[in-house]
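Computed from the coordinates by the stated procedures, all read-outs in this text should not be read as laboratory data. Owing to the predicted nature of the structure, the values given are computational and were not obtained by experimental measurement. All Cβ positions, even for glycine, are placed from backbone atoms using ideal geometry, and neighbour counts span all protein chains on display.
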Amino acid sequence: MTEQTIFAGEQIKELIPQRSPILMVDKIYNVTADEADSELTLSEDNLFLSDKKFTEPGLIEHIAQSASAFAGFTARMEGKSAPLGYIGEIKKFNLVSLPEAGDTLCTHIRIMSVVGSVSLLTAETKVNGSTVCTTNMKIAIEE
């Protein structure tokens with residue numbers, strides 16, 4: 001699959017409300033109606049690093065922000081402002097390994113269903129093609 005960068009660097013701030021030092025998405029690409037890919041390269045000063053390893057809360061925040069960037073992109077395509085979203089539930093979080101400083105997280109988000117303002121998604125995060133975690137998450141979007 002050819003990677004098509006949609007938003008990267010400073011442009012990502014048009015899609016999500018987070019700012020440095022809590023910004024956990026560098027770019028979003030390969031966006032379709034119900035799927036998107038995102039990336040984050042882990043800098044040495046990332047808040048979620050402990051002993052040069054990225055922690056579980058960091059992975060969850062990265063996935064949530066990836067979903068937020070996806071929702072922001074979708075809203076922009078509909079001529080709306082990027083919405084605020086909140087984690088409603090995390091299920092089946094499966095940690096395989098913790099990424100390290102310098103690694104690039106590649107996360108695939110897939111929206112499974114939308115009921116009202118709540119989206120159910122699955123996510124898989126990889127580093128160098130190897131899965132580091134998977135999860136299901138409910139995200140509530142503020143109207």
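Please list, ordered by residue number, the strands (runs of 3 or more DSSP E) wholly in the stretch 35-143 having 3 or more residues that are of a type in the set (Ser, Thr, Tyr) and in contact with a Ser or Thr (Cβ under 9 Å, 6 or more places away or on another chain).
Numbers: elements: 35-41, 85-95, 104-115, 118-127, 130-141.
Ranges flagged: 104-115, 118-127, 130-141.
May I ask you to say which residue of SER66, SER38, SER81, SER20 is under 11 Å from the mean Cα position of the chain (by Cα), of a type in the set (S, T, N, Q) and more than 15 Å from ALA140 (Cα to Cα)? Please lay out each step first, then the result.
Values: SER66 fails: more than 15 Å from ALA140 (Cα to Cα); SER81 fails: under 11 Å from the mean Cα position of the chain (by Cα); SER20 fails: under 11 Å from the mean Cα position of the chain (by Cα).
Just a single option satisfies the conditions, and that option is SER38.
Pick out the one residue from GLU143, GLU78, GLU124 that is without any contact (Cβ under 8 Å) to a residue 12 or more places away in the chain and on the phi < 0 side of the Ramachandran plot.
Values: GLU143 fails: without any contact (Cβ under 8 Å) to a residue 12 or more places away in the chain; GLU124 fails: without any contact (Cβ under 8 Å) to a residue 12 or more places away in the chain.
Matching residue, one of GLU143, GLU78, GLU124: GLU78.
Given the criterion of a type in the set (Gly, Ala, Ser) and under 21 Å from SER130 (Cα atoms), identify the matching residue among ALA101, ALA33.
Details: ALA33 fails: under 21 Å from SER130 (Cα atoms).
It is ALA101.
Please specify each residue of the stretch 84-121 satisfying the condition of being closer than 13 Å to GLU61 by Cα, surrounded by 19 or more Cβ atoms within 10 Å (Cβ to Cβ) and without any contact (Cβ under 8 Å) to a residue 60 or more places away in the chain.
Of everything in the stretch 84-121, just one residue is closer than 13 Å to GLU61 by Cα, surrounded by 19 or more Cβ atoms within 10 Å (Cβ to Cβ) and without any contact (Cβ under 8 Å) to a residue 60 or more places away in the chain, namely GLY85.
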